[in-house]
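Notes for the one structure printed next.
The values are calculated or read from the model by the stated rules, or taken from the named source; none is laboratory data. In this text, all values refer to a predicted model and were calculated from it rather than measured experimentally. Methodologically, a virtual Cβ is constructed for each residue, glycine included, from the backbone with ideal geometry; neighbour enumeration extends over all protein chains shown. With ligands, DNA and RNA removed, areas are computed over all heavy atoms of the protein, side chains included. Shrake-Rupley method; radii C 1.70, N 1.55, O 1.52, S 1.80 Å.
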Amino acid sequence: MTRRLVVALLGFTTVVLVLSVVPLGLATSARDRRDYAASTRALAGSLATLAEESFDDSRQPLGQQRLASAAGPGVSAAVLDLSGQTRVHSGAPLVFPVSLIRSAKGGDATIVNADDDVLAAAPVVADGVIRGVVVAARPDEPVESRIVRLWLALGGVAAVALLLSVAIAVGAAQWVARPLRRLQTTALRWSDGSLHERADLSGGPPEIRATAGALNIMAARLDTLVHGSRAVVADVSHQLRTPLAAMRLRLELVRADLTSEGRTSPAEDDLGVALGELDRLSRLVDGLLLVARAESAQSRPEPVNVTEIVRERQHAWQPVAQERGVVLLVDGPEEVVMASVTPGQLEQVLDNLLDNSLEAMTTGGRIDVRLTRDRDTVTIAVCDDGPGMTAEQQQAAFHRFVTGRTGSGAGLGLAVVHRLVTADGGTVHLESSVGLGTTVVVQLAVAR
């Protein structure tokens, strides 16, 4: 915005200066040259009056010294008779066109420019008769010097005007852009979940301050709504865990009593179905609680040893994998790989990904956790050879309550992964084909 405003104001100022300063300079230069020429013609006329003595036999002829004194310094002058012979001259020798003399003989005072001089000729009239011609030549250096100084002054004024326009444009742009940048920074913090942040209302145009105030009101309401909904989800999920656990315990006791009596009853099958549904409800409640905690988590990235965390999670999940007949392997460099992650969140990400993969696997399956690093990115890929996902399932995989499995899972694991990874500035995406397995790729920033 600053560049565009500077260019626009510079263009406008340049057009104004061209339309005003250039005509002013041209008009003033022409006027100075006319005035200088007129003064040269007047000088020739005064010398012609003085030269009348040279054509009067009763008076003393005009001498060179007197002519030079009357002409002034730097001026060359000559008195010629009608035949063109020079009777007296002062200064440098004169070279002038014949037309100048011819015009002066006709009684007109004439002026021409020749090389670096301004030439003026005036007739010498004695007793009412034209007896000769006086030619005066003045160098045009004084007037040209004044004109050069004039253009330099006008150029200086134009330069100052352009600099002032740039300063005004930059100042105006910064006056507008600075609060907009602050507002953008605050909006980015809101997008990261920091809804408690507020935009700065100081500085800038009134419209931007009014917009910032309206956005602050919106952020405050969103903060109340979001935190209220998160608190409700977390509280309800937490409160439901206790009665669900008690209900499961009672159902287990009832089934144990039926089994101990050695009786078979249709109620036992119903108890098994009820326990299965109770397990699914418990997983849903746990997932909701996990999502609420993930959304409330603040992003504070720090350098974290990814290699160590991946190895730890492999050891933690290895017994579960072995129990289900699934091979769990880790492939990565031996050296330490550091990424910028909020402490504790990468463990949750890996736990959710490994849990999802194990739930989708059957006996004899395989899960590979691959760790790689390039210049700016640490990549963790969790690959399984399970049933895979369709294109529609992949598009909705990171939404809540969406799962590619039937009968189990709450569809919250990948939503939690997406929230935790993106909060730290990372990315996560799926690569899957039906029947060929699924790969979840997590990319994190390298810790500097």
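Out of L249, L275, L281, one residue alone is more than 25 Å from T362 (Cα to Cα) and modelled with pLDDT under 90. It is L249. Filter the stretch 116-129 for residues that are of a type in the set (A, V, I, L, M, F, W, C) and open to solvent by less than 50 Å² (accessible area, probe 1.4 Å); which is nearest to R33 (Cα to Cα)? That would be V118.
Among the criteria (1) open to solvent by less than 50 Å² (accessible area, probe 1.4 Å); (2) modelled with pLDDT of 80 or more; (3) farther than 18 Å from T86 by Cβ, the one T2 does not fulfil is (2). Sort out which residues of the stretch 131-140 are under 19 Å from A42 (Cβ atoms) and either part of a strand (DSSP E or B) or open to solvent by 60 Å² or more (accessible area, probe 1.4 Å) (or both), and write them in order of number. Selection gives G132, V133, V134, V135, A136, A137, R138, P139. Out of all the residues in the stretch 18-38, is one or more among the aromatic types (F, W, Y) and open to solvent by 50 Å² or more (accessible area, probe 1.4 Å)? Taking every residue of the stretch 18-38 in turn, none turns out to be among the aromatic types (F, W, Y) and open to solvent by 50 Å² or more (accessible area, probe 1.4 Å). Among the numbered conditions (1) part of a strand (DSSP E or B); (2) crowded, with 22+ Cβ neighbours inside 10 Å, the only one that R370 does not meet is (2).
Residues checked against (1) touching a Pro at 6+ places or on another chain (Cβ under 8 Å); (2) open to solvent by 40 Å² or more (accessible area, probe 1.4 Å); (3) assigned to a helix (DSSP H, G or I):
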residue: G156; (1), (2), (3): no, no, yes
residue: A159; (1), (2), (3): no, yes, yes
residue: V166; (1), (2), (3): no, yes, yes
residue: A169; (1), (2), (3): no, no, yes
residue: W175; (1), (2), (3): yes, yes, yes
residue: R178; (1), (2), (3): no, yes, yes
residue: T185; (1), (2), (3): no, yes, yes
residue: L188; (1), (2), (3): no, yes, yes
residue: S194; (1), (2), (3): no, no, no
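When the stretch 196-208 is filtered for residues that are buried (at least 16 other Cβ atoms within 10 Å of the Cβ) and either outside any loop (DSSP other than H, G, I, E, B) or touching a strand residue (DSSP E or B) at 6+ places or on another chain (Cβ under 7 Å) (or both), only I208 remains.
If I filter the stretch 373-384 down to residues being β-branched (V, I, T) and open to solvent by 10 Å² or more (accessible area, probe 1.4 Å), which single residue comes out as farthest from V442 (Cα to Cα)? Write out each step before concluding.
Keep residues of the stretch 373-384 that are β-branched (V, I, T), which gives 377-380, 382.
Still in the list and also open to solvent by 10 Å² or more (accessible area, probe 1.4 Å): 377, 379.
Working: T377: 10, T379: 6 Å.
If we take residues in the stretch 373-384 being β-branched (V, I, T) and open to solvent by 10 Å² or more (accessible area, probe 1.4 Å), then T377 is farthest from V442 (Cα to Cα).
Taking the criterion of being closer than 16 Å to L420 by Cα, touching an Asp or Glu at 6+ places or on another chain (Cβ under 9 Å) and surrounded by fewer than 22 Cβ atoms within 10 Å (Cβ to Cβ), the only residue of the stretch 346-360 that qualifies is E347. Among the residues making up the stretch 39-62, those that are open to solvent by 30 Å² or more (accessible area, probe 1.4 Å) and at pLDDT below 80 are E52, D56, D57, S58, R59, Q60, P61. Scanning the stretch 399-416 for residues that are at pLDDT 55 or above and either on the phi > 0 side of the Ramachandran plot or crowded, with 19+ Cβ neighbours inside 10 Å (or both) yields a total of 6. Consider V21 carefully, then state whether it is among the hydrophobic types (A, V, I, L, M, F, W, C), modelled with pLDDT of 85 or more and in contact with a helix residue (DSSP H, G or I) (Cβ under 7 Å, 6 or more places away or on another chain). Yes, satisfied. Considering only the stretch 81-90, state which residues are open to solvent by less than 60 Å² (accessible area, probe 1.4 Å) and at pLDDT below 80. Once the filter is applied, which keeps residues that are open to solvent by less than 60 Å² (accessible area, probe 1.4 Å) and at pLDDT below 80, the stretch 81-90 yields D81, G84.
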